[in-house]
Amino acid sequence: MRKLIWRNGLRASLLLLTLSLAAWSAPVGQKAPDFEATDSHGKQVKLSDLAGKYVVLEWFNHQCPFVKGQYDPGKMQALQKKWTDEDVVWLSICSSAPGKQGHNSANDANAITREKGAHPTHVILDEEGAIGRLYDAKTTPHMFVVSPEGVLLYNGAIDDKGDLNYVDQALTEATGGKDVSVAVTKSYGCSVKY
């Protein structure tokens, strides 16, 4: 009887593992899931319309201490400016639901972007969490890099909690014609407030 329970438990665990892996919608090396959204200025943004450019997706919540740790000293803004000056499209996405930490109106999001001196190409308010769930964004920050061909090149943390910035490294390597040496890392930060 114990063997049967163990086997059924193992089968159930393997099934759950398989389902959770299958549910992850944004595997590195494959086409990045397309989406269309309205940015904080009312402009339509569609990922597939950005073909031909590198695109960074940054999940943020300006009330999260980990996001503050990137923005307060100016690290995220410097990275945004460096790469948007190189014609990279930077999409800052907030998937905080109404009433949850980090949720803002479009006007408030624009004011915060100005106040922080941030340099994203677009700020997208994903109130229903559709884009966040499409990419399985787990934390703020959670970072993704998409190639000009629409292939996901990087998924994970902004940095190694030290001197190595994974997004900067991925973009430097990719724009230099090299393979991304660290394509997947575990993101860290506050949970996305779906």
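Just so you know, all these numbers are worked out from the coordinates, no wet-lab data involved. What you see is a predicted model, and the numbers here were worked out from it, not measured in a lab. All Cβ positions, glycine included, derive from the backbone under ideal geometry; neighbour counts span all protein chains shown.
Restricting the count to DSSP beta bridges whose residues both fall in the stretch 27-191, what percent are antiparallel, rounded to a multiple of 5? Please list the in-between numbers first.
On the way: 17 of 27 bridges.
Taking every DSSP beta bridge within the stretch 27-191, about 65 percent pair in antiparallel fashion.
For the chain, what is the per residue volume of the convex hull drawn over the alpha-carbon atoms, in cubic angstrom? Present the calculation step by step, with values, prior to reporting the outcome.
Numbers: hull volume 27.1 nm³, N = 194.
Residue-normalised Cα hull volume stands at 140 Å³.
Can you tell me the FRET efficiency between residue 130 and residue 182 if r is taken as the Cβ-Cβ distance and R0 is 25 Å, rounded to the nearest 0.05?
Working from the Cβ atoms, E equals 0.35.
In degrees between 0 and 90, to the nearest 10, how far off the longest principal axis of the chain does helix 75-84 point, with axes built from Cα atoms?
Taking the Cα atoms of the chain, the angle to 75-84 is about 80 degrees.
Suppose a student asked you for the relative contact order of the stretch 27-191, using Cα pairs under 8 Å spaced at least 6 residues apart; what percent would you report?
Numbers: 321 pairs, mean separation 46.9, N = 165.
After rounding, I find 28 percent.
222 nm [θ] for the chain, helices only, -39500 (n - 2.57) per DSSP H run of 4+, per residue, to 500?
On the way: 6 runs with 66 residues, N = 194.
For the chain, the value works out to -10500 deg cm²/dmol.
Among the lysines in the stretch 27-191, how many pairs, 8 or more places apart or on different chains, have alpha carbons under 14 Å apart?
Working: 68/116; 68/161; 75/116; 75/161; 81/116; 138/186; 161/186.
Total qualifying Lys-Lys pairs in the stretch 27-191 comes to 7.
Under the rule that a partner needs its Cβ under 4.7 Å from the first Cβ, which Cys of the chain have none?
So far as the 4.7 Å Cβ criterion goes, 94 stand without a partner in the chain.
For helix 166-175, what angle does its Cα long axis make with the longest principal axis of the chain, in degrees from 0 to 90 and rounded to 10?
Orientation of helix 166-175: about 70 degrees from the principal axis.
Measure nothing fancy, just the Cα-based angle from helix 2-23's long axis to the longest principal axis of the chain, in degrees from 0 to 90, nearest 10.
Approximately 20 degrees, to the nearest ten.
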